[in-house]
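The values are calculated or read from the model by the stated rules, or taken from the named source; none is laboratory data. Fair warning: this is a prediction, and the values are worked out from it, not measured in the lab. Virtual Cβ from ideal backbone geometry, glycine too; neighbours counted across all protein chains shown. The accessibility values were calculated without ligands, DNA or RNA, using every heavy atom of the protein model including side chains. Shrake-Rupley method; radii C 1.70, N 1.55, O 1.52, S 1.80 Å.
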Amino acid sequence: MNRKRKKTAILFLTILLGLLLAACSSGQDASDGDTESLVSGGAASDPAAADGDSAAEDSSGESGEETSYNIGSFTMEDINGESYTESMFQDYDLTLVNVFATWCSPCIEEIPHLEQLSQDMADNGVHVVGIVLDTLASDGTVDTDAVEAAQTLATELETSYPFLIPDSGLMNGLLTGIQSVPTTFFVDSEGNLLERAYLGSRSLTEWTEIVNTELETLGGTE
């Protein structure tokens, strides 16, 4: 390969990598602005609402009144074929749900921090769950290549918390509100979605501070 073609190839790879990182939405410089409500704007509707209207509203509205959105019933399998339902929330005061993709560099870099967090905060009633968004193809089938990639990640990064494959209903529509990865949200022991979703990746220190704040919101810590 001559020098000119080599420079062109390097430039192409640099541009491609930049596009992938931008699509991931890395949150290393995260501010308060990197939060949102997954259910704002009707992104997901209350599965128990009889009239079909969304009972979930943005709880950070000007009124200052918090609303509650219950995720409802679902069944998902993890990348090893084990089944999980909404009951996975019941044994913990707080569950951190991290939605990521196997092709997202910031997502992968964040996983060891989340693994350490799950170990550090276990005695505080905190659990960590991953949802591998790209394991569900656009036609609703399971993408086996993405599942294998997730299995490799879990093995190489020695991850003990589960990596789940989205169900066909996308967690009762909640995951349809995900616009970028990684996106992380919190669920209490009754399956209620907490107010904020956090966009972008964060360090162990940052996640520890966020989790402690969310626990205080629940009254889980002094």
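Values as computed for the structure displayed
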item: Every residue from the stretch 192-222 that is at positive phi and surrounded by fewer than 19 Cβ atoms within 10 Å (Cβ to Cβ); result: 219
item: Whichever residue in the stretch 179-191 is under 21 Å from residue 101 (Cβ atoms) and open to solvent by 20 Å² or more (accessible area, probe 1.4 Å) and, among such residues, is modelled with the highest pLDDT; result: 180
item: Any hit, the stretch 119-128, residues being within 21 Å of residue 195 (Cα to Cα), of a type in the set (A, V, I, L, M), touching a Phe, Trp or Tyr at 6+ places or on another chain (Cβ under 7 Å) and modelled with pLDDT of 95 or more; result: yes
item: Matching entry among 105, 168, 160 (being without any contact (Cβ under 8 Å) to a residue 40 or more places away in the chain and open to solvent by 40 Å² or more (accessible area, probe 1.4 Å)); result: 168
item: Flag if residue 122 is of a type in the set (Gly, Ala, Ser) and open to solvent by 40 Å² or more (accessible area, probe 1.4 Å); result: yes
